[in-house]
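Read through the structure below, which is laid out as structure tokens, and then see the notes.
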Amino acid sequence: MKILVDIGHPAHVHFLKNFIWEMQKRGHRIYINTIDKDVTIDLLNRYNLKYEVYGKSAKDLLGYANLLIKGDLKTYKTQRKYDIDIIVGIGNIFGAHISKITKAKSITFTDTEHAKLTNMITTPFTNVVLTPSCFKKDFGKKQIRYNGYHELAYLHPNYFTPNPEVLSELGLHEDDTFIILRFVSWSAAHDIGHHGIQNKIEFVKELEKYGKVLITSESKLDDALDKYRIKTSPDKLHDLLYYASLYVGDGGTTAVEGAILGTPSIYVSSLVGTMGNFIELEEKYGLVLNYNDSDEALKKAIELVKNPNSKSDWGKKREGLIRDKIDVTSFMVEFVENYLTYGRGP
């Protein structure tokens, strides 16, 4: 089988890497097309994954329109050159479009209900949409739900074992109290008009009273905050997140990652209440605490970091989640193999 993997964001690299490696082990040929966004290229290089680039990520509607044209054209050329059978990706806009004019089938993953533009220009064209079971939208007959989250494709214990070496790189020890803050750029099409943490400097100044503060940010930081930026390679962030005492941020993916790793996690966003995975992680598992008010989030963050039992409490709750959910990578592999053979998943 010849499979084209579409990557548009650093998180997509993590989501698809184990799928890629497992499919290669099974003898399938994998091709990767990617958008150059943030640390995406760096991650692909660190994982020794070969790829071709669509272009730079867009920052406005005109840029998105231009990237859409370039992406569709690049995907079409790749399909024709390599005789691609299936195009797989999160969002997978280009693959969905090209599947309508070539023999290739498109399999689209999404967990983002508010990605209205992406969903609108993808769903009518793709062959199948795979979503977590808690996803709030209904895409009709082509939608298939599975009992997991995107982040379980790479943070499930079957694939992830934390490496404490990253702590030594940063002068930390396993019993140190440290807090990870994540700030996103809010430049994605589905983020326009929304916001996250608005009092960043106050967050840092208050939280560093209780432990070391480390920041990961998509955009340039204020001069007063730049010294807190994490100085390690992006592929080690999950190891660091595993050992962290607390995660707080407007980065939703990182909040889910922290929860799955057993780290107390607070998500701060005007999008709170719109996404099924965050609702489930809070109401069913108590692993992510969601706030649209930055001041309330900061109060809760201080409460958690002062509580010596928070980390162990989250670890116990995380064990319950792992028991409930599936190995998402294994599901992806079986689904894609069966879809081409039988026209359906396992």
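I'd like the full set of residues that are surrounded by fewer than 17 Cβ atoms within 10 Å (Cβ to Cβ) and not aromatic (Phe, Trp, Tyr), limited to the stretch 71-97.
Within the stretch 71-97, LEU73, LYS77, ARG80, LYS81, ASP83 qualify.
Under 8 Å between Cβ atoms, at least 6 apart or on separate chains: pull out the pairs that start in the stretch 138-161 with a residue that is within 27 Å of THR123 (Cα to Cα) and end on any residue that is part of a loop (DSSP other than H, G, I, E, B) and hydrophobic (A, V, I, L, M, F, W, C).
Note: pairs meeting the criteria are ARG145/PHE135; TYR146/ILE326; ASN147/ILE326; GLY148/ILE326; LEU152/ILE326; TYR154/PHE160.
Limited to the stretch 57-101, what total is found for residues that are of a type in the set (A, V, I, L, M, F, W, C), at pLDDT 95 or above and either in contact with a Phe, Trp or Tyr (Cβ under 7 Å, 6 or more places away or on another chain) or under 18 Å from GLU337 (Cα atoms) (or both)?
Number of matching residues: 7.
Any residue that is among the aromatic types (Phe, Trp, Tyr), within 17 Å of VAL5 (Cβ to Cβ), at pLDDT 95 or above and part of a strand (DSSP E or B) - is there at least one of those in the stretch 135-153?
No, the stretch 135-153 contains no residue that is among the aromatic types (Phe, Trp, Tyr), within 17 Å of VAL5 (Cβ to Cβ), at pLDDT 95 or above and part of a strand (DSSP E or B).
Which ones in the stretch 326-346 are touching a helix residue (DSSP H, G or I) at 6+ places or on another chain (Cβ under 6 Å), of a type outside the set (Val, Ile, Thr) and at pLDDT 95 or above?
Within the stretch 326-346, just MET332 meets the criteria.
Any residue that is within 16 Å of the chain's Cα centre (by Cα) and modelled with pLDDT under 95 - is there at least one of those in the stretch 240-249?
yes
Give me the helices (runs of 4 or more DSSP H) completely within the stretch 23-111, filtered to those with at least 2 residues that are out of contact with any Cys (no Cβ under 8 Å at 6 or more places or on another chain) and under 20 Å from PRO234 (Cβ atoms), ordered by residue number.
Output list reads 40-46.
When you scan the stretch 320-346, how many residues do you find that are within 26 Å of VAL272 (Cβ to Cβ) and assigned to a helix (DSSP H, G or I)?
Selection size over the stretch 320-346: 5.
In this structure, is VAL336 in contact (Cβ under 8 Å) with a residue 60 or more places away in the chain, surrounded by 16 or more Cβ atoms within 10 Å (Cβ to Cβ) and not assigned by TED's automatic domain parsing to the domain that holds GLU208?
Details: in contact (Cβ under 8 Å) with a residue 60 or more places away in the chain: yes; surrounded by 16 or more Cβ atoms within 10 Å (Cβ to Cβ): yes; not assigned by TED's automatic domain parsing to the domain that holds GLU208: yes.
Yes.
The values are calculated or read from the model by the stated rules, or taken from the named source; none is laboratory data. All of these numbers come straight from a predicted model, not from anything done at the bench. Using ideal geometry, Cβ is built from the backbone for each residue, glycine included, and neighbour counts are taken over all protein chains shown.
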